[in-house]
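Peer 1: Below are the structure tokens for one structure; questions will follow.
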Amino acid sequence: MQVDVNEIIDLIEREQQLYDSLILLVDEEMKCAREGDMSALMDILRRKQAVICDQEILQDLWLELAALLGVSSSRETVEFWDALALKLDQNGYSQVVESIGKIRERAAKILEKEHEVQRELETRLADLRSDLLRLNDGMRAFRAYMR
């Protein structure tokens with residue numbers, strides 16, 4: 001069985017595009033978190049979910065490729081890469097490895113940005129709690145004054 005490096009590169013490019021979309025969405029997510037725009041934030045989360053669903057479809061395609069290689073595990077295993085190395089020439093294999101490395105870099109960048117968004121939202125939540133406590137204290141003082 002011959003594995004077509006161009007089909008693998010196409011799969012990788014589709015995955016890179018999804019990660020690029022996620023990076024843009026996480027950037028939008030941060031903007032909304034900083035502005036406190038929860039409605040827009042919820043819309044972004046829905047859009048991110050659609051991209052994540054597309055990623056799951058791509059993961060299924062990677063598993064199909066693994067099965068074609070005679071491997072029962074995912075792309076993240078040594079078994080997969082060993083089987084792929086046997087099917088591709090050195091140039092094709094190097095090209096795939098380099099491209100997967102770029103995908104991993106994108107994924108790491110997204111995770112870093114996601115953590116930043118989470119910290120921003122936690123700060124916003126802490127500020128909101130503080131505001132609510134001050135409001136509650138103010139209401140108690142007002143009620144006490146009115147008695």
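The values are calculated or read from the model by the stated rules, or taken from the named source; none is laboratory data. Note that this is a predicted model, so its numbers are computed, not measured. Neighbour counts are summed over all protein chains in view; Cβ atoms, including those assigned to glycine, are modelled from backbone coordinates with ideal geometry. Please note that ligands, DNA and RNA were not included when accessible areas were found on the heavy atoms of the full protein model with its side chains. Shrake-Rupley method; radii C 1.70, N 1.55, O 1.52, S 1.80 Å.
Peer 1: Among what's in region 54-71 and is open to solvent by less than 60 Å² (accessible area, probe 1.4 Å) and without any contact (Cβ under 8 Å) to a residue 40 or more places away in the chain, pick the residue that is farthest from ILE12 (Cα to Cα).
Peer 2: So, considering only residues that are open to solvent by less than 60 Å² (accessible area, probe 1.4 Å) and without any contact (Cβ under 8 Å) to a residue 40 or more places away in the chain, the one farthest from ILE12 (Cα to Cα) is VAL71.
Peer 1: Can you tell me which residue in region 1-48 is most open to solvent (accessible area, probe 1.4 Å), limited to those that are of a type in the set (Lys, Arg) and under 23 Å from LEU125 (Cβ atoms)?
Peer 2: My answer is ARG46.
Peer 1: Let me confirm something: among ARG143, ARG104, which residue is among the basic types (Lys, Arg), at pLDDT below 90 and open to solvent by 80 Å² or more (accessible area, probe 1.4 Å)? Walk me through it before giving the result.
Peer 2: Details: ARG104 fails: at pLDDT below 90.
The conditions single out ARG143.
Peer 1: So which residues in region 61-92 are farther than 17 Å from VAL3 by Cβ and outside any loop (DSSP other than H, G, I, E, B), if there are any at all?
Peer 2: VAL78
Peer 1: Given LEU18, LEU24, which one is in contact (Cβ under 8 Å) with a residue 40 or more places away in the chain, aliphatic (A, V, I, L, M) and in a helix (DSSP H, G or I)?
Peer 2: LEU18
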